[in-house]
Amino acid sequence: MMNNIAALLTLFKEKDIDFLQNEPMSAHTTFKVGGPAELYVFPRNEREISLLFTHCNREGIPVHIVGKGSDLLISDDGIKGVVLDTTKYLTQMSLTDETTIFCQSGASLSRLCLFAMERSLAGLEFAYGIPGSVGGAVYMDAGAYGGEMKDVAVRVFHVDTGGNPGVFAAGEADFSYRHSRYMENDFFITGVELRLQKGDNAQIKEKMDAHLDARKSKQPLEYPSAGSAFKRPEGAYASALIEQCGLKGLTVGGAQVSEKHAGFIINTGGATFRDVETLMRLVAETVKDKTGFILESEIKIIR
């Protein structure tokens, strides 16, 4: 691996690719947890992504993709290989017709919501305040307040692991609750086309503000976390099950089941990967033992 990384560093310098070495992932995740990434790269365009995928695939170098890191729990040992960050350069958005927006994957979801609202386009209000990138939201079919990305996405653009640009229509992306086809194929989402509806600017803003106020009042936004720790099991709600089992406030090291919202595991200060992983396992085991429901992590865990 060492020789492969050395060759990759030479390539980066030859092609003027923007990168950092041994970059702490705690600086790039909302949990504020995670050890160093061997190489942390900011691709500027599809050409650079294709070049990176082609080279890493040929040399057997692992590749990981991050946006705003809002759904990631990363080992304190860090990440070997290459981490590709979408959020520095891939942030452009534009109208392609009166009701259609094209947005690159690294833009923040909240910024996209504001872009739509300013143009009196409705349909994205549910996403305002979700602390992730547009690519991350598509990747996991993010949703809230009765809306999901699958309701508005019509085409998703990507580069596959062989370095080839491509596109999936919404039906090909296999969207379902907190899932898309991209969870299985490790493609790099470069952008998404969204179809919205004409609406009233004031009403759209009012709905967005109401959703944001609800988040602030009900969720522990004052602490680092990765949002909802567990997916909603069929026939129940994860937060209600956790609270029913008396687990609010349960603490392992610096990790705690939020006393404000039982569905969140928060970093109260200095939480390690092991703290969070151990606490999540304890919660899932207790809920299963006491209620029979199986809780599945909504957070992507990279060991």
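Find the relative contact order for the chain and round it to a whole percent, using C-alpha pairs within less than 8 Å whose residues are 6+ positions apart.
Values: 655 pairs, mean separation 51.4, N = 303.
So the answer I get is 17 percent.
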Rounded Å value of the spacing that divides the Cα centres of the range 230-275 and the range 171-195: 28 Å
Could you work out how far the C-alpha centroid of the range 97-142 sits from that of the range 64-88, in angstrom? 21 Å
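Neighbour counts of other C-beta atoms within 10 Å: give me Met183, Met140, Met93 arranged from fewest to most. Present the calculation step by step, with values, prior to reporting the outcome.
On the way: Met183 13, Met140 23, Met93 17.
Sorted ascending by nearby Cβ count, the order is Met183, Met93, Met140.
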P(r) of the range 93-204 in 5 Å steps, Cα pairs, percent per bin? 2, 13, 25, 27, 18, 10, 4, 1, 0, 0
To the nearest Å, what is the center-to-center distance of the range 147-167 and the range 1-33, using C-alpha atoms only? 25 Å
Taking amide H atoms as placed 1.01 Å from N in the peptide plane, list the residues 5 or more away in sequence, or in a different chain, whose amide H sits under 5 Å from that of Asp174. Arg181
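Quick check for me: using +1 on Lys/Arg Cβ and -1 on Asp/Glu Cβ, what's the dipole size of the chain about its Cα centre, in debye to the nearest 20? Intermediate results must be reported in sequence, preceding the final value.
Details: 32 positive and 39 negative charges, 67 e Å.
Dipole about the Cα centre, nearest 20: 320 debye.
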10 Å binning of all Cα-Cα separations within the chain, expressed as whole percents from 0 upward: 6, 26, 33, 25, 10, 1
Sketch the reach of a paramagnetic label on Thr268 as a point 7 Å from Cα along Cα-to-Cβ, and name the residues of the range 230-252 whose backbone nitrogen lies under 14 Å away. 247-252
What residue among Met280, Gly123, Met149 has its Cα farthest toward the positive end of the dipole of the chain, where the charges are +1 on Lys, Arg and -1 on Asp, Glu, each on the Cβ? Met280
The answer for Ala107, listing residues at least 5 apart or on another chain whose modeled amide H is closer than 5 Å to its amide H, is Val134, Gly135
Put +1 on the Cβ of each Lys and Arg and -1 on the Cβ of each Asp and Glu in the range 153-269; which of Ala170, Phe264, Ala202 then has its Cα farthest toward the positive end of the dipole? Ala202
Give a residue-ordered list of calculated ³J(HN,Hα) values for the range 113-130 (Karplus: 6.51 cos²θ - 1.76 cosθ + 1.60, θ = phi - 60°; whole Hz; x for Gly, Pro). 4, 5, 4, 5, 4, 5, 9, 6, 10, 9, x, 10, 4, 4, 8, 5, x, 5
Any idea what diffusion coefficient the range 221-302 gets from Stokes-Einstein, in µm²/s, Kirkwood Rh on alpha carbon pairs, 25 °C, 0.890 mPa s? 199 µm²/s
For Gly78, residues with placed amide H under 5 Å, excluding near neighbours: Gly35
Summing -39500 (n - 2.57) over the DSSP H runs of n ≥ 4 in the chain and dividing by its residue number, what mean residue ellipticity at 222 nm do you reach, to the nearest 500 deg cm²/dmol? -9500 deg cm²/dmol
Could you point to the residue in Thr29, Ala229, Gly249 farthest towards the positive end of the chain's charge dipole, with +1 and -1 charges on the Cβ of Lys/Arg and Asp/Glu respectively? Gly249
For the range 95-103, take each phi angle, set θ = phi - 60°, evaluate the Karplus expression 6.51 cos²θ - 1.76 cosθ + 1.60, and give the result in whole Hz per residue in order, putting x for glycine and proline. 7, 9, 7, 4, 10, 10, 10, 9, 9
Arrange His158, His211 by Cβ neighbour counts within 10 Å, fewest through most, would you? His211, His158
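Every number here is computed from the coordinates shown, using simple stated rules; none is lab data. Note that this is a predicted model, so its numbers are computed, not measured. Here Cβ is always computed from backbone atoms with ideal geometry, including for glycine, and neighbour counts include all displayed protein chains.
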